[in-house]
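The values are calculated or read from the model by the stated rules, or taken from the named source; none is laboratory data. Computed from a predicted model, the values in this text were never measured in an experiment. All Cβ positions, even for glycine, are placed from backbone atoms using ideal geometry, and neighbour counts span all protein chains on display.
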Amino acid sequence: MSRKSITVCMVLFAVAASAMPSTASASPVLTHPTGTTLATGSTLVGAGIGTSYFKDGSGSVLAQCSIAKFKGSLVSIFPPEWTITTWTLEGTGSVWNGMHECTGSSFGFGNVTYTTNGGGVDGENVTNGTPYCLRMTGLVSFSQRGGACSQAARKITIILDSTNFGECKYERSTAITGTGTSDTSGSSVLTWAPNETTRFTRAEGGSVLCPSTGSLEMSYRLETENGEPIYIS
């Protein structure tokens, strides 16, 4: 083969390669059980698995909630990125401010009601509450920051109203990070562990009796609005 022919073949190969989608850049993806990729605009639901906790710096439980759920809309496929519009944490305690209280710790924190939503969602209007932007950063990792995915990043604020300590306001200025895995059925599971990656600091305006820090420990199964499992692949 002549040098000219080799050069032409190399150019054609380079052009063809550049036109092919990159498997690495396309991962991870969120799919239906059939393998079909979820379309942008799809509603995603995070259904809490087991008990969700808020723990202090020593690992002691400040609050535990039996019901946890978030809801949002997929805004990007590669990488998967969606705006969470609603985040709810409830327990089985008395109703306060329209929500069932979560169970408090044994050392006197009291039962707790979470306030996490902004913009009037569920009657709540926390500055730096929802919306949040949740993004898969790898097959086994994700991050969640304050602000919708179409907006600039900002801090996240959550408020815990304790029956004994009053209002405890916590903030985090950087994104929460966690792991994304699959359970035995193949459903995608997002998990936050109680460490530096989920730690919030007590903000001004909260009771001085409130612990200085608190971390999240919770897992969510990703589903469509009708309860169909969503896979990470």
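List of remarks:
- Across region 159-208, the number of residues qualifying as assigned to a loop (DSSP other than H, G, I, E, B), surrounded by 14 or more Cβ atoms within 10 Å (Cβ to Cβ) and of a type in the set (A, V, I, L, M, F, W, C) comes to 4.
- Taken over region 134-154, residues that are in a loop (DSSP other than H, G, I, E, B), under 14 Å from the mean Cα position of the chain (by Cα) and either surrounded by fewer than 17 Cβ atoms within 10 Å (Cβ to Cβ) or free of Cβ contacts under 8 Å to residues at least 12 places away in the same chain (or both) amount to 1.
- The residue that is nearest to LEU190 (Cα to Cα), among those in region 48-68 that are in contact (Cβ under 8 Å) with a residue 40 or more places away in the chain and surrounded by fewer than 16 Cβ atoms within 10 Å (Cβ to Cβ), is GLY50.
- Residue match in region 99-115 (condition: at pLDDT below 85, over 23 Å from GLY178 (Cβ atoms) and under 20 Å from the mean Cα position of the chain (by Cα)): no
- Residue match in region 6-28 (condition: within 30 Å of VAL112 (Cα to Cα), hydroxyl-bearing (Ser, Thr, Tyr), over 20 Å from the mean Cα position of the chain (by Cα) and at pLDDT below 90): no
- Restricting region 209-221 to residues that are within 14 Å of the chain's Cα centre (by Cα) and surrounded by fewer than 20 Cβ atoms within 10 Å (Cβ to Cβ), the residue that is farthest from CYS65 (Cα to Cα) is ARG221.
- Close contacts from region 167-182, counting a first residue that is more than 30 Å from TYR231 (Cβ to Cβ) and without any contact (Cβ under 8 Å) to a residue 60 or more places away in the chain and a second that is buried (at least 17 other Cβ atoms within 10 Å of the Cβ) and β-branched (Val, Ile, Thr), with Cβ to Cβ under 6 Å and a gap of 6+ residues or different chains, come to LYS169/ILE159; TYR170/ILE158; GLU171/THR157.
- Any hit, region 122-133, residues being more than 11 Å from the chain's Cα centre (by Cα), in a strand (DSSP E or B) and touching a residue at least 24 places away in the same chain (Cβ under 8 Å): no
- Some residue of region 130-137 being at negative phi, of a type outside the set (Lys, Arg) and modelled with pLDDT under 90: yes
- Within region 79-111, considering residues that are within 19 Å of THR43 (Cβ to Cβ) and not polar (S, T, N, Q), the one surrounded by the most Cβ atoms within 10 Å (Cβ to Cβ): TRP82
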